[in-house]
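First up is the structure itself, then whatever we jot down about it.
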Amino acid sequence: MHGSSDPTDIAIAARHVTLSLGQTEILKGVDLSIRQGESLAILGPSGSGKSSLMAILSGLERASGGDVRVAGIDYGPLDEDGLARARRGRIGIVLQSFHLLPTMTAIENVAIPLELAGRSDPFARAAAELEAVGLGHRLHHYPTQLSGGEQQRVAIARAVAPGPDILFADEPTGNLDGGTSDAIIDLLFARQAANAATLVIITHDSALAERCDRIVEMRDGLIVAERRP
Ligand SMILES: Nc1ncnc2c1ncn2[C@@H]1O[C@H](COP(=O)(O)OP(=O)(O)OP(=O)(O)O)[C@@H](O)[C@H]1O
């Protein structure tokens, strides 16, 4: 009835998004629409603005200009608290640098956001999520007691645990060996399918990009190409 342009199908709508930091123009007018349930890979050289765009779409950073609407919420009028509330339980984020809380164990890092989102049995659920990423034997380790790849997997467990509608991942396989990387990617796509979630992945891994529904390429603060694998 409404066709593919039905606005309720759109999980993420960015219109002419700009980001300037000081004199530097990092994003120069990005237009991007992503459908609910779609998987999108963002490719592009180092410094092209991929992480900056993800920070804005995920509500971690505010755009300097343009419009961002995610899961029906206009980010424009929201302050930092408003953005945090908009993210909670709906948006999962895996960042390159993990951002685990150093004073909390692996299980606490996964369980506390579940508790904040009002989910029942946060610790049982967190344990199950950590087992799913192969860390059942590391539940009570602190981040400094975990390898980079293990911290990465805790960050992934934390992001997927609330069953978010939208999952963002910045180089999710960057710290993982081949076998672990394949298992984690399978897990991300399985979670996406189970929740009909939207998945946005920044990656240099072309095999991973090819598994997505759509690939966009960034260069110098703009999306310059788009294709379907
Ligand atoms: N806080 C900041 N202050 C100044 N410049 C910044 C800041 N954050 C990012 N930049 C610059 O913005 C540009 C885009 O950075 P961004 O991290 O978005 O690129 P990227 O495509 O994700 O790169 P990579 O693949 O290396 O992670 C870079 O030139 C970077 O130096």
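Which of the residues that make up the range 167-180 are in contact (Cβ under 8 Å) with a residue 12 or more places away in the chain and either surrounded by 23 or more Cβ atoms within 10 Å (Cβ to Cβ) or over 17 Å from SER51 (Cα atoms) (or both)?
Within the range 167-180, LEU167, PHE168, ALA169, PRO172, THR173, LEU176, ASP177, THR180 meet the criteria.
Could you check the range 7-22 and list, in sequence order, the residues that are within 16 Å of the ligand (Cβ to nearest atom) and at pLDDT below 95?
Scanning the range 7-22 gives LEU21, GLY22.
Scan the range 212-229 residue by residue and report those that are more than 16 Å from the ligand (Cβ to nearest atom) and surrounded by fewer than 19 Cβ atoms within 10 Å (Cβ to Cβ).
Matches in the range 212-229: ASP213, ARG214, GLU226, ARG227, ARG228, PRO229.
Within the range 181-190, how many residues turn out to be touching a residue at least 60 places away in the same chain (Cβ under 8 Å) and closer than 23 Å to SER52 by Cα?
0
Residue check: is GLY82 outside any strand (DSSP E or B), within 11 Å of the ligand (Cβ to nearest atom) and free of Cβ contacts under 8 Å to residues at least 12 places away in the same chain?
No; evaluated as a whole, the condition is false for this residue.
Every residue in the range 136-176 that is under 17 Å from ASP186 (Cα atoms), in contact with a Leu (Cβ under 8 Å, 6 or more places away or on another chain) and in a loop (DSSP other than H, G, I, E, B), please.
ALA161, PRO172, THR173
Looking only at the range 46-68, count how many residues are out of contact with any Gly (no Cβ under 8 Å at 6 or more places or on another chain), part of a loop (DSSP other than H, G, I, E, B) and near the ligand (Cβ under 7 Å from one of its atoms).
Residues that pass the stated criteria total 2.
For ARG88, work out the one condition from (1) at pLDDT below 90; (2) closer than 27 Å to LEU43 by Cβ; (3) of a type in the set (Lys, Arg) it doesn't fulfil.
Status for ARG88: all satisfied but (2).
Which one of these does SER51 not meet: (1) among the polar types (S, T, N, Q); (2) under 24 Å from THR203 (Cα atoms); (3) in contact with a Lys or Arg (Cβ under 6 Å, 6 or more places away or on another chain)?
Unmet condition: (3).
For the range 181-190, check the following and say yes or no: at least one residue is more than 21 Å from GLN151 (Cβ to Cβ) and part of a loop (DSSP other than H, G, I, E, B).
No; the residues of the range 181-190 include none that is more than 21 Å from GLN151 (Cβ to Cβ) and part of a loop (DSSP other than H, G, I, E, B).
Confirm whether ILE202 is within 16 Å of the ligand (Cβ to nearest atom), buried (at least 16 other Cβ atoms within 10 Å of the Cβ), under 21 Å from GLY59 (Cβ atoms) and of a type in the set (Val, Ile, Thr).
yes
Could you please let me know if GLU38 is near the ligand (Cβ under 10 Å from one of its atoms), charged (D, E, K, R) and closer than 27 Å to ALA209 by Cα?
no
Give me the pairs, please: first residue somewhere in the range 154-166 and farther than 19 Å from LEU135 by Cα, second residue anywhere and crowded, with 24+ Cβ neighbours inside 10 Å and of a type outside the set (A, V, I, L, M), beta-carbon distance under 7 Å, and either six or more positions apart or on two chains.
PRO164/GLY92; ASP165/THR198; ILE166/THR198
The values are calculated or read from the model by the stated rules, or taken from the named source; none is laboratory data. Here the structure is a predicted model, which is why all the values come from computation and not from measurement. Counting neighbours? That spans all protein chains shown, and the Cβs are built from the backbone with ideal geometry, glycine included.
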